[in-house]
Each structure stands twice: as C-alpha cells, then as structure tokens.
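Asks: Before I ask anything, let me first share the structure, which is written out below as structure tokens.
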Number of protein chains: 4
Amino acid sequence: MKKLIVGVMGGGEGASPEVCEMAYKLGGLIADQGWVLLNGGWGVGVMDASARGAKERNGLTVGILPDRNTEFASPYIDIPILTGMGDGRNFINILSSDIVVALPGRSGTISEIALALKNGKNVILLNFPLGDLFVEYQKAGIMVSVNKPEEVITTIKRLCHLDQEQEEDTLV
Amino acid sequence: MKKLIVGVMGGGEGASPEVCEMAYKLGGLIADQGWVLLNGGWGVGVMDASARGAKERNGLTVGILPDRNTEFASPYIDIPILTGMGDGRNFINILSSDIVVALPGRSGTISEIALALKNGKNVILLNFPLGDLFVEYQKAGIMVSVNKPEEVITTIKRLCHLDQEQEEDTLV
Amino acid sequence: MKKLIVGVMGGGEGASPEVCEMAYKLGGLIADQGWVLLNGGWGVGVMDASARGAKERNGLTVGILPDRNTEFASPYIDIPILTGMGDGRNFINILSSDIVVALPGRSGTISEIALALKNGKNVILLNFPLGDLFVEYQKAGIMVSVNKPEEVITTIKRLCHLDQEQEEDTLV
Amino acid sequence: MKKLIVGVMGGGEGASPEVCEMAYKLGGLIADQGWVLLNGGWGVGVMDASARGAKERNGLTVGILPDRNTEFASPYIDIPILTGMGDGRNFINILSSDIVVALPGRSGTISEIALALKNGKNVILLNFPLGDLFVEYQKAGIMVSVNKPEEVITTIKRLCHLDQEQEEDTLV
C-alpha cells in the first residue's frame, strides 16, 4: 500500500530555533509512523530541520525544490524534485501531500496554506495562529490548530482515517 | 514605452454583486489610464467584471487561465494565456503584474497576495480587510488599503512613480 | 471577436541572419492580418526579429518569458508574461497559440513542435526540415512545410478556416 | 550519499509489448543498482512497465504526474508527485533526473529528449532511432544509442562516473 505523504511547510531562513526544534521533532515522529515527509527541500529553516529529524529516524524525505539544480537542497533530502519554477512549485507541494502541516512562517507558508485549503486538503497548524483569515475552514474542521508535534500525528491519523486499530483497541 | 500591467485579483463565483460592481468600475478606470488589465481570465466574479469594465473603455485585457483551453474564459479577455497548470498559474499572475490590486476573495486571492508580497510586488487592498496577517508589509508601505476604485488609481501612480506630472504641476 | 494568436518559435542566439530576416518578415505579415504574435519573448534570434517585424507594422506582441523579470525581454514585446519557470514555459507557448509556426532552431524549438503536435495544434514549418521524425503528422496534414513567410499566412488561413473570402472570390 | 535518479521516458498507451518488456527489464536493472527510477507516473506503457520492473526488485519509484490526483497513477509508483500541469511537467521530469533514458515513444518522449539535451542532461536512447535530428549531441557523446537494457546500465555508470571500481579492478 502506498505510504502516506505528509507535507511540512513553514519558515525558511527566518525560522526561529524554537520553530526549527519543533520541525525536527515532527520530522522524527513522521518517520516513526513509516510516512513519507515532503517539503520545499531547501537546507534552511523548517525544511532542513524536518528533513533532518526524519532522516535520523530512517524516514524517507522528498523535497520539491524551486530551483533547477540541488545547490540549495538540504543534505537530508533523499529525493530532490527539481521544478525550476520558483514559488510556482508551492502548488505542487500541496497537491502531492496527502495532508499538510504548517509551522510558523511568512508569506510563502501562507500561500501554501491558502492553496491547500482551496484544493481540498486538510491543514494542521502547529503553533501558527492565523487570526480570522481562514475561520470558515477552521469551523468546518478542515483546518485544525495544535500545539505539540505529537498532536500532529494523532490529528493526521484522525483526519486520514488511519486510526481504526486504535478505535478497535478502545472497543475491546 | 511599455504599458503598465495592473493585476486585479479577487473572488470568483462567490464574489458579491457589490464586489463585482467595484471590479467593473476599477477595470474602466485602469483602461482610462491606458494601462493593461491582467487577471485570472475566467468568466465569473471579479475576473469577468473587471475585464468587462476595461473593454467597455477600450482597454486591453490579459487573462492567465488555469486551463488548457478557453472554455471558461471571459468574453472580455483579449489575450487568453493558457497555462494548463491550475492554481500553479497564480504565481504567473503575480510575476507578470507590475502591481497587484486585491478585491475581496477567499483562499485563491489570499494565495496571490502572499505570493505577491513574497516576490516584492506592491499590493493594494480594495475593501479587503486581512486582519494582522501581513501587518509588517502594511507598516512598511508595501501593502496599502483603500476604499474606492479611484483611490486605487492614485495609489498605483504613487507606488509606480507615475505621478511626476502632478508633482510638477504642484510645484508650479 | 477574439484575435487569432500565432505562436512563432525558432532559434535564439544561434539563429542565422537569414532566419532572423525571415522571422522579421513573418512578424510584419502577421501584424498586417491583425493577428497577435506570441513568442518566447527574449531579445535575441527569432523571438526578437519576429516581434520587431510585428511592431513596425503596429501589431500586438506577447512574450511568454522563462524568467521572473523583464531583464532579457525584447523591447518589441508589448505584453511580457513572466512565468519564472524556465523551459517549462514552452508548454504555455503552445497552449496559448491558436497555431504554431516553427523556424529553424535547435532542441528548444523541437520540444515546442513536439508539445504542439501532442496537444492537437497545427504546426507550420518555415524552412525547417525535420527528417522523418514527425512524418505521421505531416502525412495527416497536421504539420505542414512551407518555404516563404507569405505561404505561412495562406496556410494559417486555410488551417484556421479564415479563407472564406478568398474562396468566394474564386467562385466569382 | 544521495542515490542516483534515473529518468525513464517512452511511449504511453501506444507502446508495443516489446518496448514494454524492455522497460520492465530496465526497471529491474535500475533497482538492482540501488538507483531511484523516475518517470511520468501513469499506469500505462513504458511508465507502468518500468515501475513494475523496479518494484519487483525492491527499487524505489517516483512518478511526476501531469494530474492533480492519483487516478491514473501506476500502482508501482511509490512517490506520486502531483504537478497538475499537464505536459508542462515534462520539464520537471528532465530536471529531476540525473540522467535520462528514452525508449521508443512519440511526441511526448521527443519533447523530453529535446528538453534534456537543452538543459545539459545526458540522454541514452534504448532502441529508439531519431534520425539526424540531434546529430550534434550524438557526435559530442552527450546522447548515446544502445540496444539492450544491460548496456543502459554500463552507459549510465560511464557517463555518471560511477565505474571507478570497475576501472580499478581492470588495472589490477
């Protein structure tokens, strides 16, 4: 069966150490589940940290790069997809992810959240308050806010209907 | 000299009659200046209304369509650019616009505002409150909020440095 | 009624003076018909020459640029569409053209001919022999070879069914 | 160290059983080397056969799909990259491949060969005669013709400088 692909978005060079630490933990937890981590592929910020976290737990990492070569790619990316299309690749990030997690970022991350919601993807905000901007998606349960990397995993299982075993366990 | 290209973004099918009326007026005012109107090219909402406004004043209209054919194109688009790349074309809308005007819309419009700001374009919000989301760009004067189509024109002239004549007139 | 958009493809920096002269003439003839000229937008080779030819006859020119800015754009391009996606834009050139004319070029031009044929567009080769590569399209009349810019115009009229007047004249 | 990514291009629905058999064998041989197989991702022709061959030997397969969902994806693709950009994705196939192998195909395959050569990638033609079209690349050793899947592997090793061990063995 095809492995779940989890898109992890968030700040690049401007990401704080705390945000990168969260991304690193999340990457490891995603790898622990046997899921594929997909991000923008650069060797900075949330992209680099989440890929490093996944690789240290033997996960598989895919980077959708804006560039025509791997000059700026994170060394923790297994499969660099070179699009050569700049921020136009944000749409590919979203389409290729079964579900999208967004850590704090700026306009690039917000564009990805917007594209994800527009294209019917669930979005999990990890410590990233967005005000009222997408409030209708939040009310509908399409966008969900959580505070810890561990909650991202349980939320993914719930939204992607991967929690049958747990439910069965609970029933027993 | 190359004509200024003004990108007009905003809601599609969900746009209210009031928003469409504003888009229609704005399209006419852009045409009156001899500027080119660029939008997403579909025959609905802000796209259709702004193109119609421009054509009724003999303007030139360019539509960057997500599709591979002109089936959904507005009849008021002179030059339909067929990208065949869905919402990936939002990035082309932004790059190809010398300046971006955003009327009320949802996630698609927000993705375009975010991509515009990320790529160094000025954004004029016409009656489209976004909360604190891009507050740093607003403080820096890169994103500007106005309430009337006429103010869009004067703001474009100011931000694109097309107001020398007026300044000279004032000096005299 | 929407104006016909004619895509003109061919060599860039490597194009010979003879090829550029042909492109220049073709651009003028396209403008004389009131058609829109579309090409790759750079200020070299067939792109620059065909746009210059069209502008000197008051035509309208559209350039689908691979870049994020107009640094390399031909000054004869009225509407520079900035895709920021490198050769990925070749597909947009093809989709956006009602019909494609190819002058001698190399791998870039051949990729555009191939994409045009794959996507159901007619291709007119102007002095550009391709051997047997697309022989099935030539046999089917989808791809046509001509030797002079004037023949391009009559072939476009025939393939796009714009030649009713001539036929009527002939009948009289 | 990052694994080599080998792009395998060729016919889709129209591919003959012989061509598919070759693609199947090639996929297996690529997997045996520990390389990643990348193709256009659909469940037909060379795409499906090469991915099946790789999966039966425990290889890793990446498909760069033209679509927005996995409806047409081969079940043998591990990582479906959804571009939503139709044939515009051919450029991504090429950029993301360290080296490109082309089996017999039609205009889509030829567009990929042309884009590969234009962007400095080596191309190995497996039983795919192209006439004189790219003869200058063949003379320069950038494009190479072979007849058997096994020769593709040795040619990749030579062109990607992965044959040091063999050379050392030969020296001893």
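Asks: Is the shape of the protein assembly as shown best called rounded, prolate or oblate, per the rule: a/c under 1.5 gives rounded, else a/b larger than b/c gives prolate, else oblate, with a ≥ b ≥ c the square roots of the Cα gyration tensor eigenvalues? Present the calculation step by step, with values, prior to reporting the outcome.
Replies: Values: a/c = 1.94, a/b = 1.06, b/c = 1.83.
Judged from the Cα gyration tensor, the protein assembly as shown comes out oblate (a/c at least 1.5, b/c at or above a/b).
Asks: Distances from residue D:141 to the same position in the other copies: list them in nm, one decimal, shortest first, using label points 7 Å from Cα along Cα→Cβ.
Replies: Its label point is 4.9, 5.9, 6.4 nm from the equivalent points in the other copies.
Asks: Ok, one more. Let me spell out the model: positive unit charges on the Cβ of Lys and Arg, negative unit charges on the Cβ of Asp and Glu, origin at the Cα centre of chain B. What dipole size does that give, in debye rounded to 20? Don't skip to the answer; put the middle values down first.
Replies: On the way: 15 positive and 21 negative charges, 74 e Å.
Dipole magnitude for chain B comes out near 360 debye.
Asks: How shielded is A:100-113 by partner chains, expressed as the average number of their Cβ atoms within 10 Å of its Cβ atoms?
Replies: On the way: counts 0, 0, 0, 0, 0, 0, 7, 12, 5, 2, 9, 13, 3, 4.
Mean shielding count: 4.
Asks: Among DSSP bridges having both ends in the range D:5-171, what percentage is antiparallel? Round to the nearest 5.
Replies: 5
Asks: I would also like to ask the following. What's the total accessible area buried between chains C and B, using a 1.4 Å probe, rounded to the nearest 100 Å²?
Replies: Values: alone 8820 and 8830 Å², together 16010 Å².
When C and B are taken together, about 1600 Å² of accessible area is lost.
Asks: So, one more: According to the square roots a ≥ b ≥ c of the eigenvalues of the Cα gyration tensor, what is the shape class of the range B:1-78, taking rounded for a/c under 1.5, prolate for a/b larger than b/c otherwise, and oblate for the remainder?
Replies: Details: a/c = 1.91, a/b = 1.19, b/c = 1.61.
Oblate is the answer for the range B:1-78, as a/c is 1.5 or above yet b/c matches or exceeds a/b.
Asks: Here is a follow-up. Hey, which aspartates and glutamates would be in cross-link range of residue C:25, C-alpha to C-alpha under 14 Å, not counting anything within fewer than 8 residues on its own chain?
Replies: C:48, C:56, C:150, C:151
Asks: Just which residue of chain B brings its Cβ nearest the axis of rotation onto chain D, and by how many angstrom, rounded whole?
Replies: Closest to the axis: B:85, 2.
Asks: In addition: Determine, from the Cβ-Cβ distance of residue B:163 and residue D:33 and an R0 of 60 Å, the FRET efficiency 1/(1 + (r/R0)^6), rounded to the nearest 0.05. Could the numbers behind the result be given before it?
Replies: Numbers: r = 64 Å, r/R0 = 1.07.
Approximately 0.40, to the nearest 0.05.
Asks: Further question on the same structure: Using the alpha-carbon atoms, what tilt in degrees (0 to 90, nearest 10) does helix D:45-55 show relative to the longest principal axis of chain D?
Replies: Orientation of helix D:45-55: about 70 degrees from the principal axis.
Asks: Now for a separate question. So, for the range A:67-172, what is the accessible surface per residue at a probe of 1.4 Å, expressed in square angstrom?
Replies: Working: 4580 Å² over 106 residues.
That works out to 43 Å² for each residue.
Asks: Can you compute the FRET efficiency between residue A:150 and residue B:132 using 1/(1 + (r/R0)^6), with r the Cβ-Cβ distance and R0 = 25 Å? Round to the nearest 0.05.
Replies: Values: r = 28 Å, r/R0 = 1.14.
FRET efficiency, residue A:150 to residue B:132: 0.30.
Asks: Distances from residue D:75 to the same residue in each other copy, label points 7 Å out along Cα→Cβ, in nm, shortest first?
Replies: Copy-to-copy label distances at residue D:75, shortest first: 4.1, 4.9, 6.2 nm.
Asks: Roughly how tilted is helix B:149-159, in degrees to the nearest 10 and between 0 and 90, from the longest Cα axis of chain B?
Replies: 60
Asks: Against the longest alpha carbon principal axis of chain C, how many degrees, from 0 to 90 and to the nearest 10, is the axis of helix C:107-118 turned?
Replies: Value to nearest ten degrees: 50.
Asks: Can I ask one more? Would the range C:30-158 count as rounded, prolate or oblate if I go by the C-alpha gyration tensor, calling it rounded below 1.5 in a/c and otherwise prolate when a/b exceeds b/c, oblate otherwise?
Replies: Here the range C:30-158 falls in the oblate category.
Asks: Based on alpha-carbon centroids, what's the gap between the range B:89-153 and the range B:14-36 in Å, whole number please?
Replies: Value for the Cα centre distance between the two parts: 15 Å.
Asks: What are the distances, in nm and sorted shortest first, from the label point of residue D:160 to the label points of the same position in each other copy, with each label point placed 7 Å from Cα along the Cα-to-Cβ direction?
Replies: In nanometres, ordered from closest: 2.8, 4.5, 4.9.
Asks: Roughly speaking, what is the stretch gain from residue A:58 to residue A:44, that is 0.36 nm per residue apart minus the C-alpha to C-alpha distance, in nm to one decimal?
Replies: Values: separation 14, 0.36 × 14 = 5.04 nm, distance 2.00 nm.
Taking 0.36 nm per residue and subtracting the Cα distance, the gain is 3.0 nm.
Asks: Beta carbons within 10 angstrom, averaged per residue: use that to sort the peptides A:22-29, A:103-110, highest first.
Replies: Values: A:22-29: 24.1, A:103-110: 22.2.
Packing order, densest peptide first, comes out as A:22-29, A:103-110.
Asks: Pairs A:157/D:2; B:118/C:55; D:55/D:157; A:139/B:157; C:55/D:139: which are spaced more than 32 Å apart, C-alpha to C-alpha?
Replies: On the way: A:157/D:2 30 Å; B:118/C:55 34 Å; D:55/D:157 21 Å; A:139/B:157 40 Å; C:55/D:139 40 Å.
Listed pairs above 32 Å: B:118/C:55; A:139/B:157; C:55/D:139.
The values are calculated or read from the model by the stated rules, or taken from the named source; none is laboratory data. Note that the structure is a prediction, hence the values are computed from the model and not measured. When we count neighbours, we look across all protein chains shown, and the Cβ atoms used for this are built from the backbone with ideal geometry, even at glycine. Note: areas computed on protein heavy atoms with side chains; ligands, DNA, RNA excluded. Shrake-Rupley method; radii C 1.70, N 1.55, O 1.52, S 1.80 Å.
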